[in-house]
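Scroll down for the structure; my scribbles are underneath it.
Since every read-out is calculated from the coordinates, none of them should be taken as a lab result. Quick caveat, the model's predicted, so the values are computed rather than measured. Here the Cβ positions follow ideal geometry from the backbone for every residue, glycine too, while neighbour counts run over all protein chains shown.
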Amino acid sequence: MSTQFLSPEKIKDTKPPVIGLKGRRIGLRIFATVIMIVYSVVTLFPFYALFIRSFVPTKESSELHLWLPEVQEVSVNQEIGNLAVFYNLDMKAFKIAMGIPETAYIPSRDKLVDVAEKYNLNIADIQQYFEGFYLYNGWNTLFRTSMNSQTFWRALTRTFIVTFFSLLLSIILSIMTGYGLAGLKRKDQMTVYNIYLLQMVIPIMLIILPQYQLFQWIYNLFPQYNVQGSAFRYSAQLIALILINIKGTALSTMIFTSAISGIPKDLEDSAMIDGASRIQYLRQILFPLLKVPIVSLVVIQLPAFYNQFLEPYVYLDPPNSTLLPFIQSAVGQFSTNFQVIYAGVFASVVPLVILYLVFRSYFVEGVMAGAIKG
Amino acid sequence: MEVPANLPTVQPIKPAKPKLSKMQRSRIRSDWAFIAPQFIIFVVLTIVPLFVAIPILFTDKAQFNDPQVNPVGWKNFTAVFTERSVQDDYLPALQKTVIFVLLNYTTIYIFGLSLALLMYEVGFKGGFFTIVYMPLMLSGLATGYAAVMLFAQETGTGNLLLMKAGIIKEQINIYSATGTAFILPLMVGWRYAGYNMAIFLSGLLSIPTETIEASVVDGASYWQRLFRIYFPQMLPSFILATTMCLIGSFSVFDELVALGATYVNPEAKLLSIIFFTYGFQIDRLAMGMTLALETFVPLMLLGILLQRLQRRLQY
C-alpha cells in the first residue's frame with residue numbers, strides 16, 4: 001500500500017526535475033529557433049536562387065552565383081550568329097536601332113566590328129546598344145517573346161481573368177450549396193454531400209481524358225467552334241476552364257456546409273417572419289457572417305487556380321493560353337537559354353507571391369480554419 | 001416534474017401534418033434550387049466522365065474525334081498482361097510511380113509532421129508559418145524547374161553550393177534515375193510542407209489539453225507523450241494526409257512536365273505522363289483511358305475506405 005503513495009523524500013526528489021524542466025524549456029526554445037531559422041533559409045533559398053539565376057548567362061551557369069553576377073559587356077569581337085543563337089538577339093530590332101536596312105543580310109560569322117565597318121557605324125553606339133545585354137538577356141527575351149501572337153502580358157491577363165471569375169463564381173455557388181445542404185438533416189442532403197466528398201478521392205488523371213472527350217462532343221454541336229482562331233472557340237475554351245474550376249470540391253462543400261450549419265436557425269426564422277425571401281436572407285444576413293469561410297476558400301483556391309497547368313494545357317489553344325502553358329511553350333523554344341527559362345519561371349511566381357505576402361495574415365488564418373474542416 | 005394527471009390532454013391536430021409536410025416539401029424544393037447549379041456542374045464534369053468512358057474502353061478509339069471506331073472487346077483491359085508495347089510503357093512507369101508515392105509519403109512526416117510538432121511545442125509563430133507555406137504559391141511547373149535549377153548536373157545552384165560546402169562529393173543529376181527518384185519527392189514535400197503542417201497542427205490543436213497535462217503530471221517522457229497521447233488522437237489527421245498524398249501523388253503531372261517527361265526525359269515518365277501521352281500525343285486514347293481506370297479505381301476504393309474511417313474517428 002505504502003508504495004502507492006509518494007513518500008516525503010520522493011516528493012523532494014521530484015523537485016529538481018521541475019527546475020530542470022525550465023532549463024529544458026529554454027533549451028527547447030533555442031533548439032526550435034535554430035531549426036526554424038535553418039528551415040526558413042532552406043525554404044527561401046530556391047526563390048532567391050531562381051531570381052539570381054534569371055540574371056546569370058548560360059555561359060556562366062557552371063559557376064556558383066549567390067549574388068547578381070558581374071557580367072562582362074558584349075565584346076566587339078563577338079560573332080553576331082553566336083548572339084542570335086545563344087542569346088536570342090532580336091536581329092530585326094538590332095537592325096532598326098542601328099539604322100541597317102531590314103532586308104540586309106548579316107552573315108552569322110560576322111563580328112560586331114565587321115558589322116560596324118560594313119555599315120559605317122560608330123563602335124560606341126553598338127556598345128551602348130549592347131549595354132547590360134548579357135545580364136538582362138533573360139528578362140528582355142521573355143518580355144519580347146511573342147509566340148503564336150501571344151505575349152507574357154496577354155497570358156498573364158488571361159490568367160487573372162480566369163482566376164477572378166473562377167473564384168467569384170466558386171464562392172457564390174459554394175455558398176449556395178452550403179445553404180442548401182445546411183444541417184444535413186435529410187437523406188437527399190446527405191447523398192449530395194457524400195457525392196461531393198468523392199471529389200477528394202477521384203484523381204484528376206482518371207477523369208481528364210473522358211472529361212476532355214465530353215467537352216469535344218459538346219463542342220462538336222457548334223460548327224463555329226471548329227473555326228480556328230475564332231472568338232467563339234476561344235471563349236468556349238475559357239468557359240470550359242472556368243466551369244472546371246467552379247464545379248465545387250469536397251473542401252468547398254465541407255467548409256460552407258459546416259459554417260452555415262453553425263449559424264442559429266432562429267436567425268433565418270426571424271428573417272422569414274420579417275418577410276425576407278431565402279435569397280434575401282442569403283445575401284443580406286448570411287453572406288456577411290461567412291467572412292472566415294470565404295477567406296478560407298479564397299486562400300486555398302487562389303493558388304490552385306493561378307497555378308493551374310494541366311487543364312489549360314489541354315483545353316486552350318496556344319494563342320489562347322494562360323500563363324503557365326505559355327511559359328512552358330516559351331521555355332521549349334529557348335531550351336538552350338537557361339536564363340530565359342528561369343526568368344520565365346520566376347516571373348510566373350512573382351505575382352502570386354506578392355499577393356501572398358501582402359495578405360499573409362489572411363492566408364495563415366484561412367488555411368488553419370480550412371485544415372480543421374478537412 | 002410530474003405531469004398533473006388532470007391536465008386536459010390535447011389531441012394532436014390532425015390537419016397539421018400534411019400542412020407541415022407541404023412546408024417541408026417547399027423547403028426541399030428551394031434547397032434543391034440552391035444546390036442544383038453547382039451540383040449539376042459537379043456531376044457532369046466529375047461523375048459523368050467516369051461513365052462516359054465505359055463504352056470507349058471496349059473500342060480502339062485513337063483520338064477524341066476519331067471518325068472510325070471498332071469494338072475490340074476486353075483487349076484493352078488485358079493489354080497490360082499480354083501486349084508488349086503497353087507493358088514496356090506501363091510497368092516501368094508503375095514502378096517509378098510507386099517509389100515516388102512512397103518517398104513522397106515519407107516527406108509528409110519529415111516536413112509536415114515534424115514542423116507541426118515544433119510549432120505546437122513552442123507556440124504558433126505566424127511569421128514562420130508564412131515562410132513554410134510560401135512554396136505552395138509556386139506552381140508544380142515552377143517546382144519542377146526549380147528542381148532543375150538546383151540539381152542539374154554542372155549548372156545546378158544547389159549542386160554547386162553543396163560541393164563548395166563539402167557536403168556532397170559528386171554532383172547530383174536531376175535527369176538520372178536516382179536523381180529524379182530522390183529529388184522530386186523532396187521538392188514536392190518541400191512545396192506541400194505548409195499544407196501538411198496545417199493539417200497536423202489542426203490535429204494537434206484539437207487534442208484536449210487535459211490529457212496532455214495529465215500525462216505531463218504523471219511524468220511521461222516526450223516520446224511517450226508523442227506515441228501514447230498525440231498520435232492516437234491525431235489519427236484523423238494522419239488518415240487525411242494519407243488520402244491526400246495517395247490521390248495527389250499518383251496523379252503528379254506538372255512537375256514531371258518541367259523535367260521534360262513529355263518528350264526527352266524517360267526517367268520522369270510516371271503513370272500520369274503515360275496516360276497523358278496515350279490520350280493526347282500518340283493516338284491510343286482508349287488504351288490510355290483503360291490503363292488509367294485500371295490504375296485508379298482500386299486507389300479510389302482505398303481512398304473512399306480511408307475517408308469513411310477518418311469520418312468515423314472524427315465524430
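Both the radius of gyration and Dmax for the protein assembly as shown are 30.1, 121 Å, in that order, over alpha-carbon atoms. Label zone of B:Gln153 (point 7 Å out along Cα→Cβ, amide N under 16 Å): in region B:254-298 this covers B:265-268. The Cα trace of chain A gives Rg and Dmax of 30.1, 109 Å, the first to one decimal, the second as a whole number. Students often get this wrong, so check it: of A:Lys185/A:Lys247; A:Lys22/B:Lys164; A:Lys291/B:Lys125; A:Lys247/B:Lys75; A:Lys59/A:Lys92; A:Lys59/B:Lys169, which have C-alpha atoms separated by over 28 Å? Those over the limit are A:Lys22/B:Lys164; A:Lys247/B:Lys75. Stokes-Einstein diffusion of region A:299-365 at 4 °C, 1.567 mPa s viscosity, Kirkwood radius from Cα pairs, rounded to a whole number: 98 µm²/s.
Largest GNM mean-square fluctuation among B:Asn70, B:Asn173, B:Asn104, using chain B with Cα springs under 10 Å: B:Asn70. The convex hull of the Cα atoms of region B:20-131, projected and averaged over all directions, covers 15.9 nm². Here A:Lys111 and A:Ser62 are evaluated by their C-beta separation; at R0 = 35 Å the FRET efficiency comes out at 0.90. Under a Gaussian network description of chain A, with springs only between Cα atoms under 10 Å, the residue in A:Phe222, A:Phe334, A:Phe256 that fluctuates furthest is A:Phe222.
Our analysis of region A:234-344 gives Rg over Rh at 1.20, with the two radii drawn from alpha carbon positions and Rh computed by the Kirkwood formula. Each residue of chain B gets 263 Å³ once the volume of the Cα convex hull is shared out per residue. Its Cα gyration tensor gives region A:22-85 an equivalent ellipsoid; the semi-axes, largest first and in whole Å, are 45, 9, 7. In this simple spin-label approximation, A:Thr151 and B:Thr209 carry label points 7 Å from Cα along the Cα→Cβ vector, and these lie 5.8 nm apart. Between A:Ser230 and A:Asp317, the distance separating the two model label sites (each 7 Å from Cα on the Cα→Cβ line) works out to 1.0 nm. Largest first and in whole Å, the equivalent-ellipsoid semi-axes of region B:86-153 read 32, 17, 9, each the square root of five times a Cα gyration tensor eigenvalue. Ranking of A:Leu282, B:Leu103, A:Leu221 by neighbouring Cβ atoms within 10 Å, starting from the fewest: A:Leu221, B:Leu103, A:Leu282. Take every Cα pair under 8 Å whose residues are at least 6 apart in sequence, average their separation, divide by the length of chain B, and the relative contact order is 24 percent. Rg/Rh, computed from the Cα trace of region B:208-263 with Rh as the Kirkwood radius, has the value 1.36.
Within region B:135-285, the proportion of Cα pairs with more than 20 Å between them is 61 percent. How big, in percent, is the set of alpha carbon pairs in region A:107-246 lying more than 21 Å apart? That tail contains 70 percent of the Cα-Cα pairs.
Under a Gaussian network description of chain A, with springs only between Cα atoms under 10 Å, the residue in A:Pro293, A:Pro223, A:Pro69 that fluctuates furthest is A:Pro223. What shape does region A:263-327 take by its C-alpha gyration tensor, where a ≥ b ≥ c are the square roots of the eigenvalues and a/c under 1.5 counts as rounded, a/b above b/c as prolate, and the rest as oblate? Prolate, because a/c is 1.5 or more and a/b exceeds b/c.
Which whole number gives the average count of other chain Cβ atoms within 10 Å of the Cβ atoms across peptide B:122-135?
The mean count of partner-chain Cβ atoms within 10 Å per residue comes to 6.
When you work out D = kT/(6 pi eta Rh) for region A:88-184 at 25 °C and 0.890 mPa s, using the Kirkwood radius from C-alpha pairs as Rh and the Stokes-Einstein form, the result is 137 µm²/s. A cut-off of 5 Å between modelled amide H atoms, ignoring neighbours fewer than 5 places along the same chain, links A:Phe133 with A:Val74. The label-point distance for A:Asn122 and B:Gln314, in a model that sets each label 7 Å from Cα toward Cβ, rounds to 7.2 nm.
Taking the Cα centre of the protein assembly as shown as reference, the dipole from Cβ charges on Lys and Arg (+1) and Asp and Glu (-1) amounts to some 2520 debye.
With the Cα gyration tensor of region A:80-133 giving a ≥ b ≥ c as the square roots of its eigenvalues, does the rule (a/c under 1.5 for rounded; else a/b larger than b/c for prolate; else oblate) give rounded, prolate or oblate?
Rounded.
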